[in-house]
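I have placed the structure first, in the form of structure tokens, so that the comments after it can refer back to it.
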Amino acid sequence: MNIIICGAGRVGFTIAKLLSEQNHSITVVDQSSEDIQKINDSLDVKGIVGKATYPSILEKANATEADMIIAVTKNDEINMLVCQIAYTVFNVPKKIARIRSQDYLNPKFSKVYNKENLPIDVIISPEIEIAKSIQRKLEAPGALDNVPFANNKIRLLEISINKTCPLINIKLNELTKKFPKLDANILGVIRKENFIILKKNDVMKENDKAYVIINASQMELTLSAFGHDEKISNKILIIGGGNIGFNLAKNIEQAFDSARVKIIEKNKERAEYIADELNNSIVINGDGLDEDVLSEANLEEVETVLALTNDDENNLMVSVLVEKFAKDKRTMALINKPNYSLLQSSLKIDDLIDPRMTTVSSILKHVHKGTIETAYSILNGDYEVIEAEIIETSELINKELRNSNLPEEIRIGAILRKEDIIIPRSSFIFQKKDVVVFLAKKDQLPVVENMFRISSI
């Protein structure tokens with residue numbers, strides 16, 4: 001596909017990198033000559049310096065031949081206007097915009113976004129997506145990530161393999177015998193910064209991060225089998241009442257009946273606003289780095305602390321303070337600068353949240369063709385876990401899994417057939433309308449589209 005990306009920041013750069021590696025033709029537009037130079041020096045894409053809202057610049061980017069435009073500049077209004085121009089002047093088929101302002105996202109004003117008014121096909125709100133991602137982590141204590149597929153009936157869990165994990169050093173083909181209740185499919189592990197697709201004679205090792213496909217109803221059982229018996233937190237402290245913290249608190253109020261949420265927000269006006277908007281959460285106006293404020297929030301009683309301010313350094317410092325004054329708390333910190341991830345272990349932070357990859361994953365699923373519904377990126381997009389439906393023209397129909405000629409870099413995880421969740425064995429036979437969740441290396445995505453006979457956009 002011919003794709004134009006407007007915005008060469010971290011998200012735009014990452015999307016351009018991943019899509020160019022999937023053999024899409026990519027053009028990136030940005031006003032910053034420095035950012036475009038970085039794009040041109042690093043990636044096999046075309047970079048253009050200029051305002052994406054100028055029709056002449058989009059024309060230079062060959063918008064007349066574009067299949068899709070992705071607007072991820074730092075400005076909501078620019079992203080919206082880019083989509084309008086792409087539709088009105090160049091008739092670009094698919095238009096994706098990143099929009100941060102919550103006022104634009106109010107359901108009351110949804111009529112704004114249609115072909116007659118403001119033609120945006122897909123709106124990505126990073127703050128909402130990140131809040132959902134954190135909520136899923138809270139729902140699966142012991143898992144580093146928890147991703148829903150197939151209408152929430154199948155889950156992908158990222159699980160840290162600690163030294164106490166009873167599955168360590170057991171061959172995959174022996175796990176079923178030793179743990180008969182474990183109905184899960186271990187797709188692979190991250191080991192020393194590399195992703196390894198595990199085969200039947202391979203084993204998991206200490207410090208691996210395992211990616212496991214399960215029936216959603218067996219989440220607690222699966223985590224227990226991996227040696228994680230942590231309980232869902234009912235007492236949660238959020239530092240930062242911005243859009244992420246606010247949306248997360250709303251989600252928790254709706255999803256967890258017994259949860260008690262406290263929010264510390266530095267800005268008085270913002271604190272008063274979110275206090276009025278939330279039903280059961282307690283909002284404290286103060287600085288999350290102030291020991292007295294943390295004491296007011298009864299830090300000792302809190303089970304999980306989430307540092308979600310707009311300042312990376314503050315989020316790290318809050319996590320350090322929590323470790324110092326109230327040990328044995330689960331801590332999560334929002335981090336925009338990737339280098340800070342190197343500090344996770346030394347600072348004893350349980351989880352670092354990278355908003356960039358959350359946003360990228362949200363966008364990528366709309367780039368894939370046709371019946372692909374969900375896509376989750378692993379290792380900065382080197383691999384993806386994908387959900388797709390088998391249609392009548394697929395060459396997989398009526399074939400056994402062992403005879404399907406799938407490349408080694410593609411691993412079938414689970415299938416939803418009507419209401420049944422199937423963890424497939426080699427004798428499994430694909431049928432029409434099966435919803436398949438599988439792992440694929442990025443350079444195998446064209447093969448995936450061909451195997452599933454996925455229609456064009």
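The values are calculated or read from the model by the stated rules, or taken from the named source; none is laboratory data. A quick note: this is a predicted structure, and the numbers were derived from the prediction, not measured. Every residue, glycine among them, receives a Cβ derived from its backbone with ideal geometry; neighbour counts consider all protein chains shown.
Condition check: closer than 14 Å to residue 134 by Cβ and more than 20 Å from the chain's Cα centre (by Cα). Does residue 252 satisfy that? Before the answer, list the steps.
Working: closer than 14 Å to residue 134 by Cβ: yes; more than 20 Å from the chain's Cα centre (by Cα): no.
So residue 252 fails the test.
I'm trying to understand the selection: among the residues of segment 230-288, which are small (Gly, Ala, Ser), in contact with an Asp or Glu (Cβ under 6 Å, 6 or more places away or on another chain) and without any contact (Cβ under 8 Å) to a residue 40 or more places away in the chain? Even if it seems obvious, please write down each step before you answer.
First, the residues of segment 230-288 that are small (Gly, Ala, Ser): 233, 240-242, 245, 249, 255, 258-259, 271, 275, 281, 286, 288.
From the residues that got through so far, the ones that are in contact with an Asp or Glu (Cβ under 6 Å, 6 or more places away or on another chain) too are 233, 241, 271.
Across segment 230-288, the qualifying residue is only 271.
Which numbered condition trips up residue 56, out of (1) among the polar types (S, T, N, Q); (2) out of contact with any Ser or Thr (no Cβ under 6 Å at 6 or more places or on another chain); (3) buried (at least 18 other Cβ atoms within 10 Å of the Cβ)?
(3)
Can you pull out every residue in segment 178-203 that is at pLDDT 90 or above, farther than 16 Å from residue 380 by Cα and loosely packed, with under 15 Cβ neighbours inside 10 Å?
201
Which residue, of 349, 353, is crowded, with 16+ Cβ neighbours inside 10 Å, at pLDDT 80 or above and under 28 Å from residue 22 (Cα atoms)?
On the way: 349 fails: under 28 Å from residue 22 (Cα atoms).
Testing whether each residue is crowded, with 16+ Cβ neighbours inside 10 Å, at pLDDT 80 or above and under 28 Å from residue 22 (Cα atoms) leaves just 353.
Could you grab me the full set of residues in segment 146-159 that are crowded, with 18+ Cβ neighbours inside 10 Å and either of a type outside the set (Val, Ile, Thr) or under 21 Å from residue 350 (Cα atoms) (or both)?
Within segment 146-159, the subset crowded, with 18+ Cβ neighbours inside 10 Å is 146-147, 149-150, 154-159.
Hits for segment 146-159 are 146, 147, 149, 150, 155, 156, 157, 158, 159.
Quick one: residue 132 ticks every box in (1) in a helix (DSSP H, G or I); (2) surrounded by fewer than 18 Cβ atoms within 10 Å (Cβ to Cβ); (3) more than 26 Å from the chain's Cα centre (by Cα) except a single one, so which number is it?
Of everything listed in (1) in a helix (DSSP H, G or I); (2) surrounded by fewer than 18 Cβ atoms within 10 Å (Cβ to Cβ); (3) more than 26 Å from the chain's Cα centre (by Cα), residue 132 misses just condition (3).
Report, by residue number, each residue of segment 408-423 that is within 25 Å of the chain's Cα centre (by Cα), assigned to a loop (DSSP other than H, G, I, E, B) and not aliphatic (A, V, I, L, M).
Passing the criteria: 408, 409.
Let's see how each residue does on (1) assigned to a loop (DSSP other than H, G, I, E, B); (2) without any contact (Cβ under 8 Å) to a residue 12 or more places away in the chain:
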| site | (1), (2) |
| --- | --- |
| 141 | yes, no |
| 152 | yes, no |
| 158 | no, no |
| 164 | yes, no |
| 168 | yes, no |
| 175 | no, yes |
| 189 | no, no |
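Among the candidates 226, 195, which residue alone is under 17 Å from residue 176 (Cα atoms) and in contact with a strand residue (DSSP E or B) (Cβ under 6 Å, 6 or more places away or on another chain)? Can you show your working first?
Working: 195 fails: under 17 Å from residue 176 (Cα atoms).
Only one candidate qualifies: 226.
I need every pair where a residue in segment 346-364 that is under 16 Å from residue 320 (Cα atoms) has its Cβ under 6 Å from the Cβ of a residue that is assigned to a helix (DSSP H, G or I), sequence separation at least 6 or different chains.
Pairs that qualify, where the first residue is under 16 Å from residue 320 (Cα atoms) and the partner is assigned to a helix (DSSP H, G or I), are 347/320; 348/323; 349/319; 352/341; 352/344.
For segment 17-44, name all the residues that are under 19 Å from residue 92 (Cβ atoms), modelled with pLDDT of 95 or more and either surrounded by fewer than 16 Cβ atoms within 10 Å (Cβ to Cβ) or not hydroxyl-bearing (Ser, Thr, Tyr) (or both).
Correct list: 26, 28, 29, 30.
Residue check: is residue 175 modelled with pLDDT under 95, over 30 Å from residue 309 (Cα atoms), touching a helix residue (DSSP H, G or I) at 6+ places or on another chain (Cβ under 6 Å) and aliphatic (A, V, I, L, M)? Explain how you work it out, then say what you get.
Numbers: modelled with pLDDT under 95: yes; over 30 Å from residue 309 (Cα atoms): yes; touching a helix residue (DSSP H, G or I) at 6+ places or on another chain (Cβ under 6 Å): no; aliphatic (A, V, I, L, M): yes.
Judged against the criteria, residue 175 is not a match.
Any chance segment 215-234 includes a residue that's surrounded by fewer than 18 Cβ atoms within 10 Å (Cβ to Cβ) and either among the basic types (Lys, Arg) or in contact with a helix residue (DSSP H, G or I) (Cβ under 6 Å, 6 or more places away or on another chain) (or both)?
Within segment 215-234, one or more residues are surrounded by fewer than 18 Cβ atoms within 10 Å (Cβ to Cβ) and either among the basic types (Lys, Arg) or in contact with a helix residue (DSSP H, G or I) (Cβ under 6 Å, 6 or more places away or on another chain) (or both).
What's the number of the condition residue 255 fails, among (1) closer than 20 Å to residue 304 by Cβ; (2) small (Gly, Ala, Ser); (3) crowded, with 22+ Cβ neighbours inside 10 Å?
Against the list (1) closer than 20 Å to residue 304 by Cβ; (2) small (Gly, Ala, Ser); (3) crowded, with 22+ Cβ neighbours inside 10 Å, residue 255 comes up short only on (3).
List the pairs whose first member sits in segment 64-93 and is assigned by TED's automatic domain parsing to the domain that holds residue 14 and closer than 20 Å to residue 36 by Cα, whose second member is assigned to a helix (DSSP H, G or I) and among the β-branched types (Val, Ile, Thr), and whose Cβ atoms are under 6 Å apart, counting only residues at least 6 apart or on separate chains?
Close Cβ pairs satisfying both conditions: 71/82; 72/11.
Based on this model, can you work out whether residue 206 counts as out of contact with any Gly (no Cβ under 9 Å at 6 or more places or on another chain) and at pLDDT 90 or above? If you could, list the steps in order and put the result at the bottom.
Numbers: out of contact with any Gly (no Cβ under 9 Å at 6 or more places or on another chain): yes; at pLDDT 90 or above: yes.
So residue 206 fits the description; yes.
Among the candidates 436, 448, single out the residue that is surrounded by 15 or more Cβ atoms within 10 Å (Cβ to Cβ), within 26 Å of the chain's Cα centre (by Cα) and not in a strand (DSSP E or B).
Numbers: 436 fails: not in a strand (DSSP E or B).
It is 448.
Being closer than 28 Å to residue 315 by Cα and out of contact with any Lys or Arg (no Cβ under 6 Å at 6 or more places or on another chain) narrows it down to one of 345, 404, 427, so name that one.
Numbers: 404 fails: closer than 28 Å to residue 315 by Cα; 427 fails: closer than 28 Å to residue 315 by Cα.
Result of the check over 345, 404, 427: 345.
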